[in-house]
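Accompanying notes for the structure given below.
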Protein chains: 2
Amino acid sequence: MKEGPDIALLGAMIGDPARANMLIALMSGKALTATEMASEAGITVQTASSHLSKLESAGLLQQRKQGRHRYFTLADDDVAEVLESLMGLAARRGLMRTRTGPKDPALRHARVCYNHLAGDLGVQLFHSLRQRDLLVGSETDFALTDAGRAFLDDMGIDVSALERERRPVCKSCLDWSERRTHMAGALGTAMLERFMDLGWARRVPKSRVISFSPKGQKAFEEHFPTIN
Amino acid sequence: MKEGPDIALLGAMIGDPARANMLIALMSGKALTATEMASEAGITVQTASSHLSKLESAGLLQQRKQGRHRYFTLADDDVAEVLESLMGLAARRGLMRTRTGPKDPALRHARVCYNHLAGDLGVQLFHSLRQRDLLVGSETDFALTDAGRAFLDDMGIDVSALERERRPVCKSCLDWSERRTHMAGALGTAMLERFMDLGWARRVPKSRVISFSPKGQKAFEEHFPTIN
DNA sequence: TGGGTGCTTCGGTTATCATCGAACCATGAA
DNA sequence: TTCATGGTTCGATGATAACCGAAGCACCCA
């Protein structure tokens, strides 16, 4: 018949509303149990279990057993990236799940995208580094300069440790609300963690929102200024 | 209930095998008719029509009427990009379709379409001019820039003379074999004539084939380069 | 004006699959 | 062992939607 990758299978996985809700819930980067995801998607555990096994055999999910629980996460950054790009297209087409509620501005300002910072501040972070030549290269393929490494070192981020991990350090991700690139990869994860360690920001429970304290916001602006 | 873009709808669109086949067929950048896509997907034209209207109302497709035909293309580059990223993920997950049959003969290189150049080279001509901003506007409605006029003047084509004719100077046409836009109108005619005057090409008798000499082919490539 | 073609609409059939109740399995605690 | 909890498997049901035949519409050409 035809050659090439089979996107229909992936589409079908994402196409079911219950499964889509679960995947989006996992975009928070947190590992969730079957029961949590069931309530997230508004279905029973039996149904959720069936969906989870399908998603797993399609290679979209990973599960980790821990005691009596089974924790599910997205399989890898690739999956998160594809979901993000789908959300971008849907947003631009005006395909929204519901009326944009009060949480929406907060989501656009700062939220977690799988494991890194997204939204307004995520975009600002990335472009600030580029404008000051702490990053070189294109928006999709870039690297740290020596000045960039020094800057991150000052912030308390051990870049050489990141480089010893298996994941790519420098990776970008397209933001669905801003429609611009923000920082992903091991570096993106490390920076978000560092912000929270420094007390600049914390996660709002049961949501993707990242809440910056006034002090944290100020510190962020100082560290990542943008021209214009 | 939930906030954020609705990826389930997009997923469902892509999730049906017939629709996925159609979308992948359109990834060639070519415009296809409903009948062609039906046979491509192995379904009847009625069913294809239903799918096409769904895809269109989801904002994934655009249609363009020309004569008795309706040519469908992907809505924009965004859609192609998302499909590409899905194909990437599917490929990495080992989700493949099966092999394709043999392709059509090589009449597609260069031929005459009424009075202008069509086929591979015709498409290249048009897109080369657009890529270098010698033409501005959409694929269906465009005009020459000043740089474009100068460029044509250098080639020995008198644009102002063309403008005194009654026919529209700038017109595009959908290519029979490539299914992408190529140059038509008075300008298309004039350019083909000029190529033959310059000795780059000649008509093969009793056929629509335009035969480029080695030298002519080289000159053509130099005058109308394309990225990709 | 009539005939041919490309495409859409309508109706009815069929098949897939999401869903949940109930039973079953596994782990941990008492 | 027994009980409790988290999760999967099984079976039946119901809703959705893909599918095609037939009819209708739009456009082109002679």
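The values are calculated or read from the model by the stated rules, or taken from the named source; none is laboratory data. These numbers come from a predicted model, not from an experiment. Cβ sites come from the backbone with ideal geometry, for glycine too, and all protein chains shown count toward neighbours. Quick note on the areas: whole protein, heavy atoms, side chains included, nothing else; ligands and nucleic acids left out. Shrake-Rupley method; radii C 1.70, N 1.55, O 1.52, S 1.80 Å.
Taking Cα atoms only, the orientation of helix A:120-131 departs from the longest principal axis of chain A by about 40 degrees.
Multiplying the residue separation of B:Arg68 and B:Asp153 by 0.36 nm and removing their Cα-Cα distance gives an extension gain of 26.9 nm. Solvent exposure of chain B, expressed per residue, is 52 Å² of accessible area, with all protein chains present and a 1.4 angstrom probe. Think of chain B as having a plus end and a minus end, set by charges on the Cβ of Lys, Arg, Asp and Glu; of B:Leu198, B:Thr44, B:Leu23, B:Thr44 sits farthest toward the positive end of this dipole.
Computing Rg and the Kirkwood Rh from the Cα coordinates of chain A gives a ratio, Rg/Rh, of 0.98. Peptide B:15-23 has a mean of 5 when you count, residue by residue, the C-beta atoms of other protein chains within 10 Å of its C-beta.
If you sort the three axes of the alpha carbon gyration tensor as a ≥ b ≥ c, you get a/c of 1.5 or more for the range A:4-105 and a/b no higher than b/c, which makes it oblate. Sorted from shortest to longest, the distances between the B:His109 label points of this copy and the other copies are 6.3 nm, with each point 7 Å from Cα along the line through the beta carbon.
Cross-link check: pairs A:Lys206/B:Lys54; B:Lys30/B:Lys215; A:Lys171/B:Lys54; A:Lys171/B:Lys30; A:Lys30/A:Lys65; A:Lys65/A:Lys206 evaluated at a Cα-Cα cut-off of 26 Å; pairs beyond the cut-off: A:Lys206/B:Lys54; B:Lys30/B:Lys215; A:Lys171/B:Lys54; A:Lys171/B:Lys30.
For chain A, the longest principal axis of the C-alpha atoms and the axis of helix A:45-57 are separated by about 70°.
The residues B:Lys30, A:Lys215, B:Lys218, sorted by heavy-atom accessible surface at 1.4 Å with ligands and nucleic acids left out, run A:Lys215, B:Lys218, B:Lys30 from largest to smallest. A simple spin-label model places the labels of B:Glu222 and B:Glu163 2.9 nm from each other, with each point 7 Å out along Cα-to-Cβ. Mean per-residue shielding of peptide B:80-87 is 5, counting Cβ atoms of other chains within 10 Å of each Cβ.
When A:Ser128, A:Ser50 are compared by accessible surface with a 1.4 Å probe, the order from highest to lowest is A:Ser50, A:Ser128. Rg over Rh for the protein assembly as shown works out to 1.05, using Cα positions for both radii and the Kirkwood form for Rh.
Distances between copies of B:Ser213, taken at a point 7 Å out from Cα along the Cα→Cβ vector and listed shortest first: 8.0 nm. Surface calculation, 1.4 Å probe, protein heavy atoms: B:Thr33 sits at approximately 20 Å² accessible.
Sorted from nearest, the other copies put their A:Arg70 label points 4.6 nm away, the label point being 7 Å from Cα in the direction of Cβ.
Helical content of chain A, expressed as a calculated mean residue ellipticity at 222 nm, amounts to -14500 deg cm²/dmol (DSSP H runs of 4 or more residues, -39,500 (n - 2.57) each, divided by residue number, nearest 500).
Projecting the Cα positions of B:Ala147, B:Leu74, B:Ala110 onto the charge dipole of chain B (unit charges on Cβ atoms of Lys, Arg, Asp and Glu, taken about the Cα centre) puts B:Ala110 furthest along the positive direction. The magnitude of the dipole of the protein assembly as shown, with charges of +1 and -1 set on the Cβ of Lys/Arg and Asp/Glu and taken from the Cα centre, is near 1360 debye.
Our note on the geometry: Cα centres of the range B:1-77 and the range A:109-158, 38 Å apart.
Leaving ligands, DNA and RNA out of it, rank B:Arg166, A:Arg111 by accessible area with a 1.4 Å probe, largest first.
Final ranking, largest accessible area leading: B:Arg166, A:Arg111.
Between helix A:77-92 and chain A there is an angle of about 90 degrees, using the helix long axis and the longest principal axis of the Cα atoms.
If a/c stays under 1.5 just call it rounded; otherwise compare a/b with b/c (prolate if a/b is bigger, oblate if not). Do that for the range A:136-228, with a ≥ b ≥ c from the square roots of the Cα gyration tensor eigenvalues. Intermediate results must be reported in sequence, preceding the final value.
Values: a/c = 1.40, a/b = 1.27, b/c = 1.10.
Cα axes put the range A:136-228 in the rounded bin.
Cα gyration tensor of the range A:64-167, axes a ≥ b ≥ c as square roots of the eigenvalues: rounded (a/c below 1.5), prolate (a/b > b/c) or oblate? It comes out oblate by the Cα gyration axes.
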